[in-house]
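To keep things clear, I will list the structure first and then write my remarks on it.
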Amino acid sequence: MVAYILYPVFFIFGLIMGSFLNVLALRYEPSRNVFARETIDGRSHCPYCGKTLGFGELVPIFSFLFQGGKCRSCRHLLSFQYPIVEFLSGLIFVAVPFFLFNFYRSQSDWIYVLSLIWALAFLIWLLMVVIDIKHYVVPDELNIGLAILGAVFILVLLISNVSSPLFKDSFLKHYILLFSFTRNIILNHLVGALIGGLFFGIFTLFTRGRAMGLGDVKLAAASGLLLGWPDIGLTIVLAFIIGGVFTAGLMIVRRKKIGDKIPFAPFFVLGAALTVFFGYQIVNLYFRLFQIS
């Protein structure tokens, strides 16, 4: 078990990573790679007056709070994206290891590797959300990163002894027996990628790309490889439920109308997060409601 004294260290490291995510998201342009030199190079500066920021203005969350959410030079209001992304990134580095150590209940050193894999996955998902909200695009390089993490996750599961073979590759635990086509870890994750990509691909073709784009299809396929089946199935269901409710709410208050663009990555990522952290409880509650379990 991770010593509790280390969690503040994890949180601080997460804040730093969140600050880096903000740099990538705010400097990103759809015409170039997320990690292009033009994006990474150069000192941080105010997006309004252009002043290069000093060390005291770069402390995650605290600089934003101490400056009243304004640039110290031009006093222009800064986006709340800065502290929100930094806080969520810090939370990822605390919540992921805490959850996984309790989920697997194992003393294996492989838990640290799994924690790193899933922390990186959530960082990528978080960056996708910010970029999709701003540009209505899900960059290919981030989907490739998710797919690579999925492949590494499968490899770690195959060679580690973190849990029993019954549910170590599914956050739905024993419910995998009801939904999974196979007990083979590799096939489970390949099926997850296939179903995720195929479902979103058919949906995109059916709506002629008006509801979502190819980036969302690739996101579902890459995430399917990481999550595996049936976890990707629950993720999709939750994503459409959350997206439908949110979109309906926007239409009711007349913030959106039929045909307007709405980024889907935020709904998908929220569905994935709920599946990872609460997937078992959600499925268990569903069966209890219908008195099936």
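The values are calculated or read from the model by the stated rules, or taken from the named source; none is laboratory data. Since the model is a prediction, treat every value here as computed from it, not as a measurement. Note that we place each Cβ from the backbone using ideal geometry, even for glycine, and neighbour counts take in every protein chain shown.
Rundown of residues vs (1) under 15 Å from Val23 (Cα atoms); (2) surrounded by 13 or more Cβ atoms within 10 Å (Cβ to Cβ); (3) in contact (Cβ under 8 Å) with a residue 40 or more places away in the chain; (4) not assigned by TED's automatic domain parsing to the domain that holds Tyr4, yes/no style:
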position: Cys49; (1), (2), (3), (4): no, no, no, no
position: Ser63; (1), (2), (3), (4): no, yes, no, no
position: Cys74; (1), (2), (3), (4): no, no, no, no
position: Leu77; (1), (2), (3), (4): no, no, no, no
position: Tyr82; (1), (2), (3), (4): yes, yes, yes, no
message: Within region 45-75, take every residue that is among the β-branched types (Val, Ile, Thr) and assigned to a loop (DSSP other than H, G, I, E, B) and give me the one that is farthest from the chain's Cα centre (by Cα).
response: Val59
task: Scan region 273-293 and give yes if some residue there is at pLDDT 90 or above, surrounded by 14 or more Cβ atoms within 10 Å (Cβ to Cβ), over 19 Å from Phe103 (Cβ atoms) and more than 12 Å from the chain's Cα centre (by Cα), otherwise no.
output: no
- line: Of the candidates Val129, Val137, the one satisfying the condition of being in contact with a Pro (Cβ under 7 Å, 6 or more places away or on another chain) and at pLDDT 95 or above is Val129
Hits in region 28-72 - residues which are over 28 Å from Gly145 (Cα atoms) and aliphatic (A, V, I, L, M): Leu53, Leu65
query: Looking at this structure, is Gly145 closer than 19 Å to Ala265 by Cβ, touching a Gly at 6+ places or on another chain (Cβ under 7 Å) and not charged (D, E, K, R)?
result: no
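Hey, any hits in region 37-44 for a residue that's assigned to a helix (DSSP H, G or I), under 26 Å from Ser115 (Cβ atoms) and not assigned by TED's automatic domain parsing to the domain that holds Val113?
Step one: list which residues in region 37-44 are assigned to a helix (DSSP H, G or I), which gives 37-40.
Going one step further and asking which of them are under 26 Å from Ser115 (Cβ atoms), we end up with 40.
The next check asks that each one be not assigned by TED's automatic domain parsing to the domain that holds Val113; those that pass are 40.
Within region 37-44 (the criterion being assigned to a helix (DSSP H, G or I), under 26 Å from Ser115 (Cβ atoms) and not assigned by TED's automatic domain parsing to the domain that holds Val113), the answer is yes, since at least one residue qualifies.
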- prompt: With respect to the numbered conditions (1) at pLDDT below 95; (2) in a helix (DSSP H, G or I); (3) out of contact with any Leu (no Cβ under 7 Å at 6 or more places or on another chain), which one is the sole condition not fulfilled by Phe87?
  reply: (1)
field: Whichever residue in region 2-44 is surrounded by 11 or more Cβ atoms within 10 Å (Cβ to Cβ), under 23 Å from Leu91 (Cα atoms) and over 22 Å from the mean Cα position of the chain (by Cα) and, among such residues, is modelled with the highest pLDDT
entry: Leu6
task: State which residue is surrounded by the most Cβ atoms within 10 Å (Cβ to Cβ) when the search covers only region 177-223 and only residues that are assigned to a helix (DSSP H, G or I) and among the hydroxyl-bearing types (Ser, Thr, Tyr).
output: Ser223
statement: Scanning region 224-271 residue by residue, the ones that are in contact (Cβ under 8 Å) with a residue 40 or more places away in the chain, among the small types (Gly, Ala, Ser), more than 22 Å from Ile144 (Cβ to Cβ) and assigned to a helix (DSSP H, G or I) total 1
task: Determine whether region 8-28 contains at least one residue that is out of contact with any strand residue (DSSP E or B) (no Cβ under 7 Å at 6 or more places or on another chain), over 30 Å from Trp110 (Cα atoms), assigned to a loop (DSSP other than H, G, I, E, B) and touching a residue at least 60 places away in the same chain (Cβ under 8 Å).
output: yes
